[in-house]
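What follows is a short report on a single structure.
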2 protein chains.
Amino acid sequence: MQFMFKRRDNIKEVEEGKYLSPKFDENGLIPVITADFKKGDILMHGYMNEEALKKTIETKEAHYWSRSKKKIWHKGEISGFVQKVKEIRIDDDQDSIWLSVDIGKGASCHVGYRSCFYRSVPLGKIKDLKNLEIEFKEKKKKFDPKKIYKDEPNPTKL
Amino acid sequence: MQFMFKRRDNIKEVEEGKYLSPKFDENGLIPVITADFKKGDILMHGYMNEEALKKTIETKEAHYWSRSKKKIWHKGEISGFVQKVKEIRIDDDQDSIWLSVDIGKGASCHVGYRSCFYRSVPLGKIKDLKNLEIEFKEKKKKFDPKKIYKDEPNPTKL
């Protein structure tokens, strides 16, 4: 699965070495956390393949692997909401990535909100797991997805 | 795969409805981003199954699914570095979770650092992809993993 980056030869090197040697899963993907570089809040959770990671490093704009479209996805290519990458971090076993990005006054979420994480789950004893109400933390959309995406298929899958 | 929480019956409800209806993948897992509730920096990236998510909501302490041990993992059960959950957010299509946690003066990373994301990837044109040097952003470990974990197997896989 892994060809472009350094081979993962031993655990000590992966964890404490100085080379990028990311682990891609059985689908050739690595999970990516995307956060606002100033506010620190999480904007989205996505995936990259090798090519998307290389493009992100080199162009300093976030590229993902779209699992719904099955192709490289330059974030913002339709909406214009490009993510300018300020920093990329890799974790201990190099199987996940944290992107810090600048989205200006833009948005990250295809539903129209600034962050994809616009709803909060209440904590504590659960009465009815099948009807657990969540709370909207973003009250207002940043854009109208119908105007921006027009006839694009919705990436959400059941 | 999904039994405990509300069924995912239609996309509109998943995206804009008021019920928790998380999507677990073909292994019964959902990816989890864990961030510090005050500083906002990312501490780790993990996975939960249904049971771990339920336990996390109810106990307000982070529980994950350990893919290496193949069991529910109450974070801190060995190290003592429990994660007190301050908020749980769910994303638009409800297939990833953002936990905001309080770790006090503790650490999150089995290698000994505060955050698992202690190394940064340089941005810009890459000269040699197979020898791409990354930079340590945390200089000092918070604890000695040999003392804390003793004979526990290392969860990192090549």
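Structural remarks
- Candidate cross-link partners of A:K105 among the aspartates and glutamates, defined by an alpha-carbon separation under 18 Å and a same-chain spacing of 8 or more, comprise A:D36, A:D41, A:E61, A:E77, A:E138, A:D144.
- Within 10 Å of the Cβ of each residue in B:40-46, the mean number of Cβ atoms contributed by other protein chains is 6.
- Across region B:4-158, Cα pairs under 8 Å and at least six residues apart give a relative contact order of 19 percent.
- Between region A:91-158 and region B:44-72, the Cα center-to-center distance that results, in Å: 21 Å
- Here the accessible area is traced with a 1.4 Å probe on the protein chains. For the protein assembly as shown, carbon and sulfur cover 50 percent of it.
- Between this copy and the others, label points of B:D128 are 6.4 nm apart in ascending order, each placed 7 angstrom from Cα in the Cβ direction.
- Spacing of the modelled spin labels on A:E152 and B:D128, each 7 Å from Cα toward Cβ, amounts to 4.0 nm.
- Taking a point 7 Å from the Cα of A:K69 along the Cα-to-Cβ direction, the residues of region A:90-130 with backbone N closer than 17 Å to it are A:107-112.
- Spherically averaged projected area in nm², based on the convex hull that wraps the Cα atoms of region B:1-83: 6.6 nm²
- When the alpha carbon gyration tensor of the protein assembly as shown is reduced to an equivalent ellipsoid, its three semi-axes come out at 29, 26, 17 angstrom, largest first.
- Inter-chain Cβ neighbour average for residues B:110-122, partner chain, 10 Å: 6
- Probe 1.4 Å, accessible area per residue of the protein assembly as shown, Å²: 49 Å²
- Gyration tensor (Cα) of chain B, equivalent ellipsoid semi-axes in angstrom: 29, 21, 16
- Taking the label point 7 Å along Cα→Cβ, B:G40 and its counterparts in the other copies are spaced 0.7 nm apart, in ascending order.
- Axis-nearest residue in chain A [Cβ, rotation onto B], distance in whole Å: A:G40, 1
- Between B:N10 and B:E87, residue separation times 0.36 nm minus the direct Cα-Cα distance comes to 25.1 nm.
The values are calculated or read from the model by the stated rules, or taken from the named source; none is laboratory data. All of these numbers come straight from a predicted model, not from anything done at the bench. Cβ: placed from backbone, ideal geometry, glycine included. Neighbour counts: every protein chain shown. Just so you know, the surface numbers come from the protein's heavy atoms only, side chains and all, with ligands and any DNA or RNA stripped out. Shrake-Rupley method; radii C 1.70, N 1.55, O 1.52, S 1.80 Å.
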